Amino acid sequence: MQKKERIPWISPKELIDRADIFLSKVYPSKNPPVPIEKILEKLHIRILAIPNLKKSIDKDAYVSISRDIDYIIIDEEIFDKYLNRSRFTCAHEVAHLILHREIYEKARVESDEDYIEFQNSLKPGEEKRLEIQAHILAGYILMPRKAFRKKVDNLIHLLGGDKKITVTDMGTIIDCLAQKFNLSKITVYKQLTYEYPKLTEEFSKIY
């Protein structure tokens, strides 16, 4: 009998669908920018900003699960000074709760020490799969597919079509998306690579 994987594979399409279902429940309009902190309040998930978390565990944040309430533990400096990065980090941790709650509950992650122990228990392939799944889901939560594609398609049209996009035009697209969705440029570019691979292929070495 084949052993069940601890971190099962989830297709990109399913992750996109999961994001859409999640937003339909907590933020039906799906209009950008998605108010992730208000969504956390609605879900009764608290944010705890901890000084020097990044230095102590080499992670921006992690999820802490207890019987009473869920917490997102986040580095204080990132939370206070880097709004766009903080927004994505929070969405990433929410994605872990959506996709991996059972795994975290079994690991009883309630402190820095618990989280480090959990991370050390993961095989390289497991950790990579866990993080990629959360990253993709977080992207589609903060950049709802329909709204994202509508904005990109409009920009491409204004710039004369996808075959005429220059390096400067790509920079303009990224800047506009970052402003529209309140996210970092690298985050919106990564989303472009998922949704418009042919468009971004020739710019991959630059961005």
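The values are calculated or read from the model by the stated rules, or taken from the named source; none is laboratory data. Keep in mind the model is a prediction, meaning the values are calculated, not measured. Quick reminder, even Gly has a Cβ in these numbers, built from the backbone with ideal geometry, and neighbours come from all protein chains shown.
Taken across the range 58-80, residues that are crowded, with 18+ Cβ neighbours inside 10 Å, of a type in the set (D, E), in contact with a Ser or Thr (Cβ under 6 Å, 6 or more places away or on another chain) and at pLDDT 95 or above do occur, with at least one present. Where helices (runs of 4 or more DSSP H) fall entirely within the range 142-207, those with at least 2 residues that are under 19 Å from A91 (Cβ atoms) and touching an Asp or Glu at 6+ places or on another chain (Cβ under 8 Å) are at 145-158.
Determine if the range 26-40 includes at least one residue that is surrounded by 13 or more Cβ atoms within 10 Å (Cβ to Cβ) and without any contact (Cβ under 8 Å) to a residue 12 or more places away in the chain. Yes.
When residues in the range 154-193 are screened for being surrounded by fewer than 17 Cβ atoms within 10 Å (Cβ to Cβ) and over 24 Å from I78 (Cβ atoms), 15 of them pass. Could you check, for the range 106-119, whether at least one of its residues is under 23 Å from L23 (Cα atoms) and either crowded, with 18+ Cβ neighbours inside 10 Å or acidic (D, E) (or both)? So far as the range 106-119 goes, no, none of its residues is under 23 Å from L23 (Cα atoms) and either crowded, with 18+ Cβ neighbours inside 10 Å or acidic (D, E) (or both).
Quick grid of which residues meet (1) in contact (Cβ under 8 Å) with a residue 24 or more places away in the chain; (2) farther than 25 Å from K13 by Cβ:
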{"residue": "K55", "(1), (2)": "no, yes"}
{"residue": "I69", "(1), (2)": "yes, yes"}
{"residue": "Y115", "(1), (2)": "yes, yes"}
{"residue": "M143", "(1), (2)": "yes, no"}
{"residue": "A147", "(1), (2)": "yes, no"}
{"residue": "K163", "(1), (2)": "no, yes"}
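With (1) surrounded by fewer than 17 Cβ atoms within 10 Å (Cβ to Cβ); (2) within 17 Å of the chain's Cα centre (by Cα); (3) farther than 13 Å from I7 by Cβ as the list, and E127 as the residue in question, which single condition is left unmet? E127 satisfies every listed condition except (3).
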